[in-house]
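All remarks here apply to the structure that follows.
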Amino acid sequence: MERYYQEEIECASPERIKEIQDEKLVKQVRHVWENVAYYRKKMEEKGVTPEDIRSRDDLYKLPFLSKADLREAYPYGLMGAPLKDCVRIQSTSGTTGKRVVAFYTKEDIDLWEECCARAIVAAGGSDEDVCQVSYGYGLFTGGPGLNGGSHKVGCLTIPTSSGNTDRQIMFIMDLKATILCCTPSYAAYLGERMKEMGLGPDDIPLKAGIFGAEAWSEEMRRDIEKTMGIKAYDIYGLTELSGPGVAFECSAQGGMHINEDHFIAEIIDPDTEEVLPAGSQGELVFTSIDKKAFPLLRYRTRDICTLTTEKCSCGRTFVRMAKPKGRSDDMLIIRGVNVFPSQIETVLINHGYAANYQIIVGRVNNTDTLDVHVEMTPEMFADNVGDIELKQKELMDGLKSMLGIKAKVSLVAPKSIERSEGKAVRVIDNRKL
């Protein structure tokens, strides 16, 4: 039976959700206009005033915010609350450039932790569970967000943070942890290490994993589930909006439910900035409707995905977002073709490789080159050179058929690609673009 953390909101009628969003949006626009001079200037340039925003149907009138705005307004330019009301900052991991610093009032943290609690309950968590939080703690939002959510649910929380893999496994086994929260690449690494230690799915007490903070494929999900004997749930968030828990997966695993009482989602064409109809693929844009210290309106996430309002078997009525296909700014354009790392990962896992790989992009004589380094399994490592060359060719054919362009594949020794305890560095782009 499906369980909910806040059933009256999570299963509210679409009409009720719209009422909540309309009321909160009108207040939030007024709050931003009065407290964030940077955004008020953008509104004035567009000829928009708070009076023009009467409901979420008027959202399209507001100007967008992008990562560039956050860099320009750094550090305090987008703050919407006095410093004395702010109790914490969190910061991005800086994987795409200069760090973003986000501010929180006590109420903002409370709402964020509530969103994470919904995600934990949707993954089957309750106050009977032992939840191991192996996301990094500190400036990164992963650890603090899930830690707070776990407390709200009433789980026994193990705040291991990332790293020290053998100690992680010791706590999982000794304290009989039932829920693991970390990045998918670290979950895959933990699973690999457990297997080496002779631990099979039946030996591992975990029942569920909540994995996010980086793109991962369905194939990687199944791989982790099989190795650990768990159900793996996706979670989505951005530091700019609060952190993990903006959207979360339920037992149906048919997309992530967006916490619509806190966020309004839109899909736009990344080039024309036009709002696209439901079901279209495009760039995800979020408006935070009740965060006070860092209230972003129409923030362009750069994540490419689709939204669906179709009924979900779990009973939640929140709109769902598909797993992002990639990012419009992470998306590699190689010889004119759009390439997402998740596509490469799918091919590798379908051919029986673990998700330990690195994509190296270069340019020779004005032509883009694409090299993929893939770790062999220990069994393969013993094969002769001829067999390895054959396997490389198989992968190159698989990638050509998935991507439409040729990639050079090098099979490398097991464990030769550096492991990540946080977000994996999958792409090295050596082009001077």
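Quick grid of which residues meet (1) among the β-branched types (Val, Ile, Thr); (2) closer than 24 Å to Lys226 by Cβ:
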| position | (1), (2) |
| --- | --- |
| Ala102 | no, no |
| Gly124 | no, yes |
| Gly136 | no, no |
| Leu139 | no, no |
| Thr160 | yes, yes |
| Asn164 | no, no |
| Lys195 | no, yes |
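Between Asp108, Asp127, the distinction of being crowded, with 16+ Cβ neighbours inside 10 Å and either closer than 21 Å to Thr160 by Cα or of a type in the set (Asp, Glu) (or both) belongs to Asp108 only.
Check the stretch 33-42 and report whether any residue there is closer than 30 Å to Gly154 by Cβ, assigned by TED's automatic domain parsing to the domain that holds Ala73, hydroxyl-bearing (Ser, Thr, Tyr) and at pLDDT 95 or above. Checking the stretch 33-42: not a single residue is closer than 30 Å to Gly154 by Cβ, assigned by TED's automatic domain parsing to the domain that holds Ala73, hydroxyl-bearing (Ser, Thr, Tyr) and at pLDDT 95 or above.
Taking the stretch 314-433 as the region of interest, the helices (runs of 4 or more DSSP H) fully inside it that hold 3 or more residues being touching a strand residue (DSSP E or B) at 6+ places or on another chain (Cβ under 8 Å) and more than 30 Å from Glu260 (Cα to Cα) are 341-350, 385-403. For the criterion of being within 18 Å of the chain's Cα centre (by Cα), surrounded by 17 or more Cβ atoms within 10 Å (Cβ to Cβ) and assigned to a strand (DSSP E or B), Gly209 passes. Remark: Cys314 falls outside the filter, which requires a residue to be of a type outside the set (A, V, I, L, M) and free of Cβ contacts under 8 Å to residues at least 60 places away in the same chain. Considering only the stretch 223-274, state which residues are among the β-branched types (Val, Ile, Thr) and either out of contact with any strand residue (DSSP E or B) (no Cβ under 7 Å at 6 or more places or on another chain) or free of Cβ contacts under 8 Å to residues at least 12 places away in the same chain (or both). Selection gives Thr227, Thr272.
Restricting attention to the stretch 2-38, which residues are polar (S, T, N, Q) and touching a strand residue (DSSP E or B) at 6+ places or on another chain (Cβ under 9 Å)? Selection gives Gln21, Gln28.
Across the stretch 28-61, the number of residues qualifying as touching a helix residue (DSSP H, G or I) at 6+ places or on another chain (Cβ under 8 Å), in contact (Cβ under 8 Å) with a residue 60 or more places away in the chain and more than 22 Å from Glu274 (Cα to Cα) comes to 1. When the residues of the stretch 383-433 are filtered to those that are farther than 18 Å from Ile334 by Cα and among the small types (Gly, Ala, Ser), the one that is farthest from the chain's Cα centre (by Cα) is Gly386. Applying the criterion of being within 17 Å of the chain's Cα centre (by Cα) and among the polar types (S, T, N, Q) to the residues of the stretch 119-146, the residue that is modelled with the highest pLDDT is Ser134.
Of the residues making up the stretch 121-170, those that are in contact with a Ser or Thr (Cβ under 6 Å, 6 or more places away or on another chain), under 25 Å from Gly200 (Cβ atoms) and part of a helix (DSSP H, G or I) number 1.
Right, Glu107: in a helix (DSSP H, G or I) and either within 27 Å of Lys41 (Cβ to Cβ) or without any contact (Cβ under 8 Å) to a residue 24 or more places away in the chain (or both) or not? Taking the combined requirement at face value, the residue satisfies it. The residue pairs whose first member lies in the stretch 161-172 and is under 14 Å from Val133 (Cβ atoms), whose second member is modelled with pLDDT under 95 and not acidic (Asp, Glu), and whose beta carbons are closer than 6 Å, counting only pairs six or more residues apart or on different chains, are Ser161/Gly136; Ser161/Tyr137; Ser162/Gly136; Ser162/Gly422.
The values are calculated or read from the model by the stated rules, or taken from the named source; none is laboratory data. The structure presented is a predicted model; accordingly, all values stated were derived computationally and were not measured. For neighbour counting, all protein chains shown are included, and Cβ atoms are generated from backbone atoms with ideal geometry for every residue, glycine included.
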